[in-house]
Amino acid sequence: MLDRQQFLKKMAEIGHEPTTQQLEKCDHYAAKLAQWNERIKLIGPATKDHIYMRHILDSLQFLDNVPRGTIVDVGSGGGMPGVLWAIFLDQPITLCERIGKKAAFLKTMVRELDLSSHCDVVPDDILNEKRKFDIITARAVTSISDFLDLTEHCLAKDGQYLLMKGGRYNEEIELATKNWSFDVELRDSLTEDNAKLVILSNTQRR
């Protein structure tokens, strides 16, 4: 499988070559994602033959940018990046997903991948979450400005946002600065031209 081989090559290049157990979990996740995607939309049809590169690597390529602390993946959907991070990281990770069928998929993955010791699923809207988290992440959920509005109550003191954004990230950052002040760092994506990891810190409403 070329997609899987390319994934393994890239993981080795970024210094995160999976252990046997981690790779087995990635394989199980990829198979289940494809299976469930036939019943509920978890990934786009154009990417179903490129799960390892387009979704798994896309989530794992930024592991070195994830600080220690508690994490919430908002609108986790198919578990990207939250489930993948939980395979490789031992810190507490919450998967927040308000759509029931997608939350059911996440619960199945947490159980079958034996991640429940440090990963939990909240089948609810993030607006109802009472806890605070050191890291808030999301992949293709909404604009940066709207996302900050939805999640500011969940960000711990000195917390960070790690947001996977497409080619319009500059527009989103500029729009967000109308209501928010923050420090921003950008990391290039290995899987998609013009995509970035957008890291926001010192976030404050103007």
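The values are calculated or read from the model by the stated rules, or taken from the named source; none is laboratory data. It should be emphasised that the depicted structure is a prediction, and the values quoted were computed from it without experimental measurement. Cβ coordinates were reconstructed from backbone atoms using ideal geometry, including for glycine residues, and neighbour counts include every protein chain displayed. Ligands, DNA and RNA are stripped out before the accessible areas are found, and what is left, the full protein with its side chains, is counted by its heavy atoms. Shrake-Rupley method; radii C 1.70, N 1.55, O 1.52, S 1.80 Å.
If the cut-off is 30 Å between C-alpha atoms, which lysines fall inside it for LYS178, apart from same-chain ones fewer than 8 positions away? Of all the lysines, those that pass the test against LYS178 - Cα under 30 Å, at least 8 places apart if same chain - are LYS130, LYS132, LYS157, LYS165, LYS196. With contributions of -39500 (n - 2.57) from each DSSP H run of at least four residues, the per-residue ellipticity at 222 nm computed over the chain stands at -9500 deg cm²/dmol. Averaging sequence separations of C-alpha pairs under 8 Å and six or more residues apart, then dividing by the length of the chain, give the relative contact order as a whole percent. Dividing the mean separation by the residue count of the chain yields 16 percent.
In this Cβ point-charge picture (+1 for Lys and Arg, -1 for Asp and Glu), the chain has a dipole of about 440 debye about its Cα centre. Computed from Cα positions, the angle between helix 20-37 and the longest principal axis of the chain comes to roughly 80 degrees. Coupling constants for the stretch 196-206 follow from the phi torsions by the Karplus curve (6.51 cos²θ - 1.76 cosθ + 1.60, θ = phi - 60°), and in residue order they are 9, 8, 9, 9, 10, 9, 6, 7, 9, 6, 6 Hz; glycine and proline get x.
Give me the accessible area per residue for the stretch 10-110, probe 1.4 Å, as a whole number in Å². Display every interim value, and only then the final one.
Working: 4230 Å² over 101 residues.
Each residue of the stretch 10-110 exposes 42 Å² on average to a 1.4 Å probe.
For the chain, the carbon plus sulfur part of the accessible surface works out to 46%, probe radius 1.4 Å. Centre-to-centre separation between the Cα atoms of the stretch 95-124 and those of the stretch 161-206: 27 Å. Mind running the shape call on the stretch 35-145? Use the C-alpha gyration tensor, a ≥ b ≥ c as the square roots of the eigenvalues: rounded below 1.5 for a/c, prolate if a/b tops b/c, oblate otherwise. The shape class here is rounded. Which residue, LEU155, GLN91, ASN37, has the largest displacement toward the positive end of the dipole of the chain when charges sit on each Cβ (Lys, Arg +1; Asp, Glu -1)? Farthest towards the positive pole: ASN37.
Checking the a/c ratio against 1.5 first, then a/b against b/c, what shape does the Cα gyration tensor give for the chain? Please report the intermediate quantities before stating the final value.
Numbers: a/c = 1.61, a/b = 1.34, b/c = 1.19.
It comes out prolate by the Cα gyration axes.
Between LYS48 and LEU190, the contour length at 0.36 nm per residue exceeds the alpha carbon distance by 49.3 nm.
Taking Lys and Arg as +1 and Asp and Glu as -1, the other residues whose beta-carbon sits under 12 Å from that of PRO123 total -1. Say each of HIS118 and ALA34 gets a label point 7 Å from the Cα, pointing the same way as Cα to Cβ; how far apart are those two points in nm? Each label point lies 7 Å from its Cα, and together they span 2.9 nm. Along the stretch 136-153 the Karplus relation, 6.51 cos²θ - 1.76 cosθ + 1.60 evaluated at θ = phi - 60°, assigns HN-Hα couplings of 10, 10, 6, 10, 6, 9, 7, 5, 4, 4, 5, 5, 5, 4, 6, 10, 4, 6 Hz to successive residues, with x for each Gly and Pro.
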